[in-house]
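The structure appears right after this line, and notes come after that.
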Amino acid sequence: MKVIFMGTPDFAVSTLEALHKAGHEITLVVTQPDRPKGRHGEAQKSDVRIAAEKLDIPVITPQKIRSDEDAKRLLKEQAPDVIVVTAFGQILPQEILDIPRYGCINVHASLLPKYRGAAPIQWAVLNGDEESGVTTMQMDAGLDTGDILLTKKLKLDAKETGGSLFDKLAALGGELIVETLDKLEKGTLTRTPQDPALATKVGLFTKSSGLIDWSDSAIKIERQIRGLNPWPSAYSFLSGKQIKLWDSDVITDEALKTIELKEVGTLDYRREASDDDAVKSGRLLADQKHLIVVCGKDYLQINELQLEGKKRMKAEDFLRGYRF
């Protein structure tokens, strides 16, 4: 097939490479403009642009494709069979959706209609879902509202993080788009309209999304730690210094009775003034090997952490070197 590919972050690279490996003729890649990154704010190319240049595929970087007449004219001149979109980052107008013979197909990192919008991968971990997956969707003018074409599911591991699920779904998306285009060309695809009643809209995370509220349940915080790993990461404050938490386990009252612990400090967090029990939450309990935090319900054992200005370390190593 003659394909135009639209995508921006590293998640989309697997889809682009899978299309190329499958022998599709990718005539053009559309990605976001170079953005300032890093400490010095130097402009850097998107991951998709870097991958496309390695594959020797022409690239354009419109600031706003909706209003870029030159970009739209170029897309029409390419006369693609299909436009494949994976985490492009811009809403496509109907004028572009109507260009390809087979329309525009989106590779979305959730089992639609669940988790429409941004950051569906992290939300699957945060909400404790047992399974996730990818969906190919016939795009329309709405936000992730088009007909479902194909889906691929996978079971989440008990220690699944946002990062590990990201990698798995990126690879799965590449496999699914190749299968989708093959069936599309053969005319064997079935389109399934989404049920709006089952839709869940989710938004982007910010750095502050990682701030832990210790009055939440231990299971919710444990999922927050995994879901926001590696970014924006879950964190709290110890004696005024930020402390990032990378791995943890939920501990119940019964399990806690088997360990002899003493109170060594408190982690700061957002408190509700009306919550009389909030002052108990965030207390640190420890012995030589265990570092445990009192939560709104149950307890959280910290296994791996990172104190501001330090490297990631096991809790046992932290306990040997830190003076409370």
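Numbers for the structure displayed
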item	result
Residue-by-residue Karplus 3J(HN,Hα) for the stretch 181-192, coefficients 6.51, -1.76, 1.60, Hz, glycine and proline x	5, 4, 6, 4, 5, 7, x, 10, 7, 10, 8, 10
Distant-in-sequence amide H partners of Asp216 (H built 1.01 Å from N, under 5 Å)	Gly296
Under-5 Å amide H pairs with Gln194, H placed in peptide plane, nonlocal only	Ile148
Nonlocal amide H pairs with Ile26, under 5 Å, H built at 1.01 Å	Val3
20 Å reach of a label modelled at Glu260, 7 Å along Cα-to-Cβ, counting backbone N of the stretch 310-324	316, 319-320
In degrees, nearest ten, helix 69-78 long axis to first principal axis of the chain (Cα)	60
Loop-located chymotrypsin sites (Phe, Trp or Tyr not before Pro) in the stretch 220-254, at most 14 other Cβ atoms within 10 Å (DSSP)	none
Helix-derived mean residue ellipticity, 222 nm - over the chain, DSSP H n ≥ 4, -39500 (n - 2.57), to 500	-8000 deg cm²/dmol
With Cα atoms, 0 to 90° folded angle of helix 10-21 axis to the chain main axis	40
Cα shape, the stretch 53-111, gyration tensor, a/c 1.5 rule	rounded
In order through the stretch 103-109: 3J(HN,Hα) via Karplus (6.51 cos²θ - 1.76 cosθ + 1.60), integer Hz, x for Gly, Pro	x, 10, 10, 9, 9, 10, 8
Alpha carbon centroid spacing (whole Å) that separates the stretch 109-173 from the stretch 1-28	19
For Arg323, Arg283, order by how many other beta-carbon atoms lie within 10 Å, fewest first	Arg323, Arg283
Charge dipole (the chain, unit charges on Cβ, about Cα centre) - positive-most of Val250, Gln63, Ser215	Gln63
Relative contact order, percent, the chain [alpha-carbon distance under 8 Å, six or more residues apart]	13
Shape of the stretch 207-321, Cα gyration tensor, a/c cut at 1.5	rounded
Candidates per trypsin sites (Lys or Arg not before Pro) in the stretch 1-77, loop by DSSP, up to 14 other Cβ within 10 Å	Arg39, Lys64, Arg66
DSSP bridge orientation in the stretch 207-321 - percent antiparallel, rounded to nearest 5	95
Distance from the stretch 250-268 to the stretch 36-50 (C-alpha centre basis), Å	44
Where labels lie 7 Å past Cα in the beta-carbon direction, separation of Glu185 and Leu154 in nm	2.6
Listed residue (Ala18, Pro230, Leu156) projecting farthest to the positive dipole end of the chain, Cβ model	Pro230
Using alpha carbons only: equivalent-ellipsoid semi-axes of the stretch 2-202, gyration tensor based, whole Å	25, 21, 16
Total charge dipole magnitude, the stretch 2-202, about the Cα centre, Cβ charges on Lys, Arg, Asp, Glu only, Debye to nearest 20	220
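Just so you know, all these numbers are worked out from the coordinates, no wet-lab data involved. These numbers come from a predicted model, not from an experiment. Cβ sites come from the backbone with ideal geometry, for glycine too, and all protein chains shown count toward neighbours.
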